[in-house]
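Encoded as structure tokens, the structure appears first; notes follow it.
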Amino acid sequence: MARRYDGRTTIFSPEGRLYQVEYAMEAISHAGMCIGILAADGIVLAAEKKTTSKLLEQTHSNEKLYKLNDYMCVAVAGLTADANTLIHYCRNQAHGYSLSYNEPIPAEQLVQRMCDLKQGYTQYGGLRPFGVSFLYAGHDKHQGFQLYHSDPSGNYSGWKATCIGANTTNATALLKQDYSEGCTLKEAVSLAVRVLAKTMDSSSIGADKLEFATLSLGANGRAVYHAYTNADIEKLLNDENVKKIIEDKEKDA
């Protein structure tokens, strides 16, 4: 039945489904996991990198985490090429707003503009949905720190803690169990490490397989984006005793 209605994004099936959009979401479910956690004093984004190689120049390549402007950053799961196009669009929108109004664009407004574009690619013939989901971490003077998620359909929603990509069922269960509202950024980072360690399919976790970034307020009250270096991630993994977490996971398996 599906094959009669999945040739175009503009054709509904008799059950009211758009199969091409569902296929895009299925592609995202095989991507490396991304986690976003909202804390009282900031937001942490953490991601699992699928492309790992000793020959890859780690200091000049981003696979999962990107800075949009001084007040927003994103984590992506899905097709990186699609993500690059949308990130470029977002940066242009943020820059254009700043030029027009001499202030940063509100976080939710930028998310809405991105989702308007994504929704358009599900409605017109000759186009395909973007095969990527985003986690947006942002801060503005209106609502403070905010965490949003959007999918290929153009829907978006606000979250306190969420994840996208592979193994999201287990990760979501852990977040529901361990997340506490009003936690500090340090506690949020620690929770992100534990969730990744317990849900990743790898038997060993190192800095070459992870990306971390935080958004917090500096001394001047402005948002500060901090991307973790490999050394920062290795120190974080040692502090959280990730090796023991993985050993316990393998014993329980």
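A few notes on this one:
- Of all residues in the range 186-194, none satisfies being part of a helix (DSSP H, G or I), over 27 Å from PRO106 (Cβ atoms) and modelled with pLDDT under 90.
- Only a single item in (1) touching a strand residue (DSSP E or B) at 6+ places or on another chain (Cβ under 8 Å); (2) modelled with pLDDT under 95 is not met by LYS54, and it is number (1).
- Identity of the residue in the range 129-159, farther than 19 Å from LEU185 by Cβ and among the hydroxyl-bearing types (Ser, Thr, Tyr), that ends up surrounded by the fewest Cβ atoms within 10 Å (Cβ to Cβ): SER157
- Boolean, TYR97 is over 26 Å from THR162 (Cα atoms) and crowded, with 17+ Cβ neighbours inside 10 Å: yes
- Test: residue in the range 86-101 that is touching a residue at least 24 places away in the same chain (Cβ under 8 Å) and β-branched (Val, Ile, Thr): no
- Scanning the range 78-107 for residues that are among the aliphatic types (A, V, I, L, M), modelled with pLDDT of 95 or more and more than 14 Å from the chain's Cα centre (by Cα) yields ALA94, LEU99, ILE105, ALA107.
- Meets criteria (hydrophobic (A, V, I, L, M, F, W, C), open to solvent by 40 Å² or more (accessible area, probe 1.4 Å) and touching a residue at least 60 places away in the same chain (Cβ under 8 Å)) for ALA219: no
- Residue match in the range 160-171 (condition: within 30 Å of ARG222 (Cβ to Cβ) and either free of Cβ contacts under 8 Å to residues at least 12 places away in the same chain or surrounded by fewer than 22 Cβ atoms within 10 Å (Cβ to Cβ) (or both)): yes
- Yes/no for ARG113 being surrounded by fewer than 23 Cβ atoms within 10 Å (Cβ to Cβ) and more than 19 Å from the chain's Cα centre (by Cα): no
- Across the range 231-249, a minimum of one residue is classified as under 24 Å from LEU68 (Cβ atoms) and either surrounded by fewer than 17 Cβ atoms within 10 Å (Cβ to Cβ) or in contact with a Cys (Cβ under 6 Å, 6 or more places away or on another chain) (or both).
One line per residue, one yes/no per condition, for (1) touching a strand residue (DSSP E or B) at 6+ places or on another chain (Cβ under 9 Å); (2) basic (Lys, Arg); (3) within 24 Å of MET200 (Cα to Cα):
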position: VAL74; (1), (2), (3): yes, no, yes
position: TYR101; (1), (2), (3): no, no, no
position: PRO104; (1), (2), (3): yes, no, no
position: THR122; (1), (2), (3): no, no, no
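- From the options GLY36, GLY32, residue that is modelled with pLDDT under 95, under 18 Å from ALA213 (Cβ atoms) and touching a strand residue (DSSP E or B) at 6+ places or on another chain (Cβ under 8 Å): GLY32
The values are calculated or read from the model by the stated rules, or taken from the named source; none is laboratory data. Remember, predicted model here, so these are calculated numbers, not experimental data. Using ideal geometry, Cβ is built from the backbone for each residue, glycine included, and neighbour counts are taken over all protein chains shown. We work out accessible area using only protein heavy atoms, side chains counted, and drop any ligands, DNA or RNA first. Shrake-Rupley method; radii C 1.70, N 1.55, O 1.52, S 1.80 Å.
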